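Before any comments, here is the structure.
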Amino acid sequence: MRGRARAGDEVAGRYVLLERIGAGGMGVVWRANDRRLNRMVALKCARLDDERAVERLKAEARNAASLHHPHIVAVFDHVEDDEGCWLVMEYVPSRSLAQILAEDGPLPPEGAAAIGWQIADALEAAHVRGVVHGDVTPENILVTDEGIAKLADFGISRVTWTDATQQSITGGVQGKPRYIAPEVANGEPVTRASDRFSLGASLFAAVEGRSPYGEAAHPMAFIGRAMAGRIEEPVRAGRLTGALTALLRLEPGSRPVAGDTRRALGDIAPPSAAVRKLHALAPATEAGADGAATEAGPDGADGAATEAGPDSAADRAASDSAADRAARPGPGGGPGPDSGHAPRKRWIAAGSVVLVAALAAALLVVRPWDDGSGGAAVADDKAPTSSAAGHASVRPSALGDARTADPCSLLAPAALKGFGGTELATAYGNFDRCDILVEGPGKNSSADVAATFIGTDVETGTQVRTRKAGNVTVAEEPLDGDECDRTLRLGDGNHVQIMARRTDDASPDLCAMADAATEHAVSVLADRGTVPRRPSAAAADSLAAADACALLTPAALARVKGVDPADHDADFADWGCHWGSSSGDTGVDLVFDRNSPPLDGSDGEPVRLGPKKGFLAADYEDDGTCTARIVSRTYKDLAGEPTQELVELTVAGPDACASARDLGEVAAAKLPD
């Protein structure tokens, strides 16, 4: 239909198409004349043979039509004819905020605030009705010459308590990469809180001229930065700085509700005469400055919470939630999310995301994991519990399939924000672990907090304190030098180690960090029962799909004096293997590793090991050892940073480097191309 529609065509015997005024992935927008009422309207169409576009258009009609608000583009009708499905909307002579920025450049803070409070007013009305927009961006904010702003395109919106069809319609996570909320980039559902973040990101772009994730040539770079929480500080925002900072908080529960945002921005830029006139003509709405309304919670009417005027108890609770307190700097003031610096080794953005179809192919290239679910479920603003308390029935905890369990799902940077700036690092070692790098408020005060799967064969000392926490048992080891560990025993016998390790000279409270990370992991297991799955499948050439024990042949191992090829132990998920000897003087360790930035000459002697590049270093692990590190593959992470998957092969015993080189060539020959 989009290809056949022409100016002058008539739709439903009533609407005469005049000119195309826009186009997108889901349809074309026409300016049209409603002959029956003699008024201009906008018609958005989708072909009937494009099921996804038709369902999205119907969702937009259903959700937007329930909203009557001066700052929401009104929906009048939804009609179908033989060739297309049409949405009849209010015609707004305007430019999008994206067009304004492209044509006129960034706005002054007051100009952005004037637009921002109107859109916050629209979001408040939508959220009160239980509708989440899901795609608040400059492209969907329309601004007239008189300065009236309207929120458009509820095509991926959803009703929070009646969402049975939305997941199949949208197929996963929504949102444009430049404005996507960190939790949505990490595969969480779109919520009211993610709408608020996207409003903040849009206003950031309005005054700064770029995304809060900075500039990048590829959309996936924005996703990587969103996943890692790498949000830039505003520099041109002036009086708008406080509001932007609040809206762009990493922890969803600590962002101000739309009503508070509307009031804060309205103080910066009071309504113009045109806006006051618009409000005077508009009928009373469900939300706004003059009335309270009920915002349905995740369970519909039974879970209702009030989002209303400035004295709303729910507003105060949201503004001063535990998550908010956790996000505040510690004593003396901590740095922001971008202030931490990862060590030379291994930094990569985390999590999972399924974007619109245009990005799907790129995701398969750069993401190492995919659970095959086809997308994240869409749920309401339900903050995770801080502990297992309050659960009516506790499900047994389980790891599930070892290779698809996601260690990053058990960590959250927000849980450690009270200790300083945080960076999530998902490639800081083998595939069984995930890390958060913490940069404390003091000089040289950094730490690494890691969650690592360590399987079933685990022993804890008799003097170690244990406690029951929901559906897991936690073993709390005392501080041991530069490290503090907690071990979680799941109901199926598997274990997860939570480690806090000092990486600099100063002395952060390692056990307090380990406890904070443990509490979050316990809450995830209490809510889910099973460790969440990795969000994407291992790439065909990734070591994640390999068996470490199968890379060395018995014949090759027999050439290492004293090593017994039959005497070996496999690590978790077969991502490492160890061969010993009866004397204990010799041995071979082969483990997988990841590294960013790529290795260079400072990491050992560059060597060629069969078809692969490698590095050979004597005494790398210990005296009398030699380590060959084989570069299995190099890829770019979601932030566009080159990252390597490595085989790290260490030989202990006589002629260690000769044996390491020999075994390295054998292993390299078996690696994926």
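For the stretch 515-570, what are the residues that are of a type in the set (Val, Ile, Thr) and open to solvent by less than 50 Å² (accessible area, probe 1.4 Å)?
Thr518, Val522, Val524, Val531, Thr553, Val560, Val563
Looking at Ala506, Ala469, which one is aliphatic (A, V, I, L, M), closer than 20 Å to Leu399 by Cα and either buried (at least 16 other Cβ atoms within 10 Å of the Cβ) or more than 30 Å from the chain's Cα centre (by Cα) (or both)?
Checking each option against the conditions leaves just Ala469.
Look through the stretch 646-655, keep the residues that are at pLDDT below 95 and more than 15 Å from Gly580 (Cβ to Cβ), and return whichever of them is least open to solvent (accessible area, probe 1.4 Å).
Pro654
Can we say Glu139 is under 26 Å from the mean Cα position of the chain (by Cα) and at pLDDT below 95?
So Glu139 fits the description; yes.
Out of all the residues in the stretch 558-565, is one or more free of Cβ contacts under 8 Å to residues at least 24 places away in the same chain and outside any helix (DSSP H, G or I)?
Yes, the stretch 558-565 contains a residue that is free of Cβ contacts under 8 Å to residues at least 24 places away in the same chain and outside any helix (DSSP H, G or I).
In this structure, does Ala53 turn out to be within 35 Å of the chain's Cα centre (by Cα), at pLDDT below 90 and not in a loop (DSSP other than H, G, I, E, B)?
Yes; evaluated as a whole, the condition is true for this residue.
Lys636 versus (1) over 30 Å from Pro177 (Cβ atoms); (2) surrounded by fewer than 21 Cβ atoms within 10 Å (Cβ to Cβ); (3) of a type in the set (Lys, Arg): which is the lone unmet condition?
The failed condition is (1).
From the list Asn444, Asn430, pick out the single residue that is outside any strand (DSSP E or B), at pLDDT 85 or above and polar (S, T, N, Q).
Asn430
Need the failing condition index for Leu616 against (1) touching a residue at least 40 places away in the same chain (Cβ under 8 Å); (2) over 15 Å from Asp662 (Cβ atoms); (3) out of contact with any Ser or Thr (no Cβ under 7 Å at 6 or more places or on another chain), just the number.
Of the numbered conditions (1) touching a residue at least 40 places away in the same chain (Cβ under 8 Å); (2) over 15 Å from Asp662 (Cβ atoms); (3) out of contact with any Ser or Thr (no Cβ under 7 Å at 6 or more places or on another chain), the odd one out for Leu616 is (2).
In this structure, is Gly624 in contact with a helix residue (DSSP H, G or I) (Cβ under 7 Å, 6 or more places away or on another chain) and under 20 Å from Gly576 (Cα atoms)?
It is false that Gly624 is in contact with a helix residue (DSSP H, G or I) (Cβ under 7 Å, 6 or more places away or on another chain) and under 20 Å from Gly576 (Cα atoms).
Please go through the stretch 222-251 and give me each residue that is under 19 Å from the mean Cα position of the chain (by Cα), outside any loop (DSSP other than H, G, I, E, B), aliphatic (A, V, I, L, M) and crowded, with 23+ Cβ neighbours inside 10 Å, ordered by number.
Within the stretch 222-251, Ile223, Ala226, Met227, Ala228, Leu247 meet the criteria.
Quick one: in the stretch 488-503, of everything that is part of a strand (DSSP E or B) and open to solvent by 10 Å² or more (accessible area, probe 1.4 Å), which residue is nearest to Asn444 (Cα to Cα)?
If we take residues in the stretch 488-503 being part of a strand (DSSP E or B) and open to solvent by 10 Å² or more (accessible area, probe 1.4 Å), then Arg502 is nearest to Asn444 (Cα to Cα).
The values are calculated or read from the model by the stated rules, or taken from the named source; none is laboratory data. Note that this is a predicted model, so its numbers are computed, not measured. Using ideal geometry, Cβ is built from the backbone for each residue, glycine included, and neighbour counts are taken over all protein chains shown. Areas reflect the complete protein model, heavy atoms only, side chains present, ligands, DNA and RNA absent. Shrake-Rupley method; radii C 1.70, N 1.55, O 1.52, S 1.80 Å.
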